[in-house]
Amino acid sequence: QLVDSGGGLVRAGGSLRLSCAASGRTFTSYAMAWFRQGPGQEREFVAAITWSGNRTLYVDSVKGRFTISRDNAENTVSLEMNKLKPEDTAVYYCAATSGGISDTTADNYDYWGQGTPVTVSS
């Protein structure tokens with residue numbers, strides 16, 4: 001029901017834009033987020049946005065570099081990633097929750113995309 005896309009290989013300092021499209025149901029009343037999971041690591045919260053888009057939340061390591069946004073008319077959410085670093089290398093997943101965004105644990109999220117890989121070379 002959530003389909004992630006936009007991942008790829010990029011050099012350090014470069015940019016990528018990830019997209020998440022919903023199908024089969026509407027997620028306009030859901031808060032949305034992006035998580036990532038690097039090699040041998042646990043899934044990590046990256047960014048979240050409320051259903052209205054009026055509030056966002058970021059993990060400290062991406063503040064000022066990543067921007068989450070959503071288009072409720074298109075039922076999509078995006079993650080603009082700039083100034084990418086090798087440590088941003090991971091599989092990125094979008095997720096949806098009927099709860100709020102203050103809880104940044106994966107357990108708070110009900111629906112998940114299949115993931116899109118991002119590799120940042122040094």
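FYI, it's all coordinate maths here, none of it is from the lab. Note that the coordinates shown come from a computational prediction; the quantities given were computed from them, not determined experimentally. With ideal geometry, Cβ positions are generated from the backbone for all residues, glycine too; neighbour counts draw on all protein chains shown.
Details
- Here's the picture: charge each Lys and Arg Cβ at +1 and each Asp and Glu Cβ at -1 in the stretch 29-122, and of A90, G38, S61 the one pushed furthest to the positive end of that dipole is S61.
- In sequence order, the stretch 40-46 has phi-based couplings of x, 10, 7, 5, 10, 5, 10 Hz under the Karplus curve 6.51 cos²θ - 1.76 cosθ + 1.60, θ = phi - 60°, and Gly or Pro positions carry x.
- Span from the the stretch 57-118 Cα centroid across to the the stretch 24-44 one, whole angstrom: 6
- Across the stretch 115-122, rounded Karplus estimates of 3J(HN,Hα) from the backbone phi angles (6.51 cos²θ - 1.76 cosθ + 1.60, θ = phi - 60°) give x, 9, x, 10, 10, 10, 8, 8 Hz, Gly and Pro being marked x.
- If you run the Gaussian network model on the chain, springs between alpha carbon atoms under 10 Å, then out of T89, T105, T50 the most flexible one is T105.
- Label-to-label distance for Q37 and E87 is 2.2 nm, based on points extended 7 Å past Cα in the beta-carbon direction.
- Our coupling estimate for the stretch 85-97, obtained by passing each phi through the Karplus curve with A = 6.51, B = -1.76, C = 1.60 and θ = phi - 60°, is 10, x, 6, 7, 4, 4, 8, 9, 10, 8, 8, 10, 9 Hz, Gly and Pro reported as x.
- Considering only alpha-carbon pairs that sit under 8 angstrom and 6 or more positions apart, the relative contact order computed for the chain is 37 percent.
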